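Participant: Below is a structure I'd like to ask you about.
The values are calculated or read from the model by the stated rules, or taken from the named source; none is laboratory data. Since we're looking at a predicted model, the values are computed, not measured. Virtual Cβ from ideal backbone geometry, glycine too; neighbours counted across all protein chains shown.
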Amino acid sequence: MQAYFARHEVDKKATGFSQGEDGFPSPGRVAWDAWGGDPGQRWVGTIDV
């Protein structure tokens, strides 16, 4: 999960990631939300591996 968020942080800069943009929700946004979105990213950042 940590690897997913590290790899896909750039998806947040793509067109359609944010509400109101053309193509919303983009496939990257759908996947981001399926992995837990920003709360999931914050949570997984608290886990030591």
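Participant: Go through the range 17-48 and report how many residues are under 11 Å from M1 (Cα atoms) and not in a helix (DSSP H, G or I).
Facilitator: 4
Participant: In the range 1-33, how many are closer than 22 Å to G45 by Cα and not acidic (D, E)?
Facilitator: Taking the range 1-33 and keeping what is closer than 22 Å to G45 by Cα, we get 1-13, 17, 28-33.
Subset that is not acidic (D, E): 1-8, 10, 12-13, 17, 28-32.
Residues that pass the stated criteria total 17.
Participant: I need every pair where a residue in the range 1-15 that is more than 14 Å from D38 (Cα to Cα) has its Cβ under 7 Å from the Cβ of a residue that is loosely packed, with under 13 Cβ neighbours inside 10 Å and at pLDDT 95 or above, sequence separation at least 6 or different chains.
Facilitator: T15/D22; T15/G23
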